[in-house]
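Student: Okay, handing you the structure first.
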Amino acid sequence: MKKDLLSFSGMAPTDFEEIWLRAARLKRMLKEGKEYASLKGKTLGMIFDKSSTRTRISFEVGMYQLGGIALFLNSRDTQIGRGETLADSARMMSCYLNGIMIRTFAQESVEELARYASIPVINGLTDLLHPCQILADLFTIQEKKGSYEDVKVAYIGDGNNVANSWIEAAACLPLELTLACPEGYDPDARMFKESKKDGKGYVHLYRDPFDAAKNADVLYTDVWTSMGQEAESQERKRIFKNYQINEKLLGVAKQDAIVMHCLPAHRGEEITAGVIDGPQSVVIDEAENRLHVQKAVLEILI
């Protein structure tokens with residue numbers, strides 16, 4: 001039976017730990033200069049409906065380092081962009097490829113692709129979820145803090161796909177997640193309700209970012225305006241102006257708190273330059289770990 005990575009639904013702590021153990025081994029081997037071509041002869045198709053920096057580079061380089069190849073498939077340049085159904089595309093691609101990574105708008109599109117594909121499908125990002133990012137984030141927290149268990153993560157800003165995947169993770173893992181979002185910009189209501197019902201971790205939503213950040217081990221943020229929301233940019237800047245990770249907010253977190261951002265960052269908006277470029281920031285380590293974690297995901301699934 002094939003496996004996909006569409007969300008964290010149905011994942012157990014042991015599934016997360018398998019990915020992180022493998023990622024740590026692959027990272028160590030790369031740093032030691034050891035070649036490891038476990039996916040030699042394998043091919044990953046990468047469908048992009050949304051532009052990307054880290055997702056494209058990390059998956060493409062990851063496949064190369066594992067001995068395989070990755071094909072960049074812009075939907076505008078394929079038959080998908082001319083109306084071919086996802087079902088037909090999934091069946092056809094399954095004849096050529098060993099896996100598909102898709103970065104698109106609707107979560108339903110990822111799930112439909114996986115339903116008809118006979119090869120693994122990986123969610124590289126949707127408007128609802130960003131599981132690959134959170135896998136790398138949690139791996140980074142383990143590296144910096146020694147464990148994710150009982151760590152308090154404070155997410156400040158828009159209740160977007162990254163926030164939703166943090167909520168999904170807290171429903172699977174014993175960690176404390178606090179979110180501070182302006183009214184009207186909350187994370188997905190269904191996911192939040194499910195996490196409160198039977199989640200392993202603690203999830204709480206605040207309006208005041210200082211309440212969320214108090215005694216946090218990790219301060220986390222994302223851009224105020226995501227792709228596709230550019231028309232709302234000025235309005236969002238006004239609404240989110242008090243939801244900035246700055247030196248004052250960092251001051252209410254734990255003294256050894258780390259600062260994370262999934263990038264790209266807009267200095268002076270969701271985070272100040274002094275914080276993101278300061279000694280407590282781990283954003284570059286976090287970005288690097290996308291490569292190692294996704295190599296582990298690719299190896300496990302393919």
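Student: Going residue by residue through the range 1-16, is there one that turns out to be assigned to a helix (DSSP H, G or I), modelled with pLDDT under 95, among the basic types (K, R) and over 22 Å from E286 (Cβ atoms)?
Tutor: No: zero hits.
Student: With the requirement that a residue be touching a residue at least 60 places away in the same chain (Cβ under 8 Å) and part of a loop (DSSP other than H, G, I, E, B), what does the range 175-192 give you?
Tutor: C181, P182, D188, listed by residue number.
Student: Say we look at the range 20-59 and pick out the residues that are within 15 Å of L301 (Cα to Cα) and basic (K, R); which of these is surrounded by the most Cβ atoms within 10 Å (Cβ to Cβ)?
Tutor: K42
Student: Let me ask something else about it. Would you check if S51 is modelled with pLDDT of 95 or more, more than 15 Å from N289 (Cβ to Cβ) and either out of contact with any strand residue (DSSP E or B) (no Cβ under 8 Å at 6 or more places or on another chain) or aromatic (F, W, Y) (or both)?
Tutor: Judged against the criteria, S51 is not a match.
Student: Right, another one. Within the range 54-82, track down each residue that is over 26 Å from N161 (Cβ atoms) and either modelled with pLDDT under 95 or of a type in the set (G, A, S) (or both).
Tutor: G67, G68, Q79, R82
Student: Looking at (1) of a type in the set (A, V, I, L, M); (2) under 16 Å from H261 (Cα atoms); (3) not in a loop (DSSP other than H, G, I, E, B), which is the one condition that is false for A216?
Tutor: (3)
Student: Here is a follow-up. So which residues in the range 50-71 are among the charged types (D, E, K, R) and touching a residue at least 60 places away in the same chain (Cβ under 8 Å), if there are any at all?
Tutor: Hits for the range 50-71 are K50, R54.
Student: Out of all the residues in the range 254-277, is one or more among the charged types (D, E, K, R), within 24 Å of F105 (Cα to Cα) and modelled with pLDDT under 95?
Tutor: no
Student: Output the residues belonging to the range 246-289 that are outside any helix (DSSP H, G or I), β-branched (V, I, T) and in contact with a helix residue (DSSP H, G or I) (Cβ under 7 Å, 6 or more places away or on another chain).
Tutor: Across the range 246-289, the qualifying residues are V252, I258, V259, T272, V282.
Student: In addition: Can you report the number of residues in the range 231-245 which are surrounded by fewer than 16 Cβ atoms within 10 Å (Cβ to Cβ) and assigned to a loop (DSSP other than H, G, I, E, B)?
Tutor: Looking only at that region, the number is 2.
Student: Examine the range 152-172 for a residue that is crowded, with 24+ Cβ neighbours inside 10 Å, touching a residue at least 60 places away in the same chain (Cβ under 8 Å) and at positive phi, and state whether such a residue exists.
Tutor: For the range 152-172, residues crowded, with 24+ Cβ neighbours inside 10 Å, touching a residue at least 60 places away in the same chain (Cβ under 8 Å) and at positive phi: present.
Student: Is there a residue in the range 280-291 that is farther than 30 Å from L44 by Cα and either buried (at least 20 other Cβ atoms within 10 Å of the Cβ) or at pLDDT 95 or above (or both)?
Tutor: yes
The values are calculated or read from the model by the stated rules, or taken from the named source; none is laboratory data. Model, not experiment: these values are computed from the prediction. Note: ideal-geometry Cβ built from the backbone for every residue, glycine included; neighbour counts use all protein chains shown.
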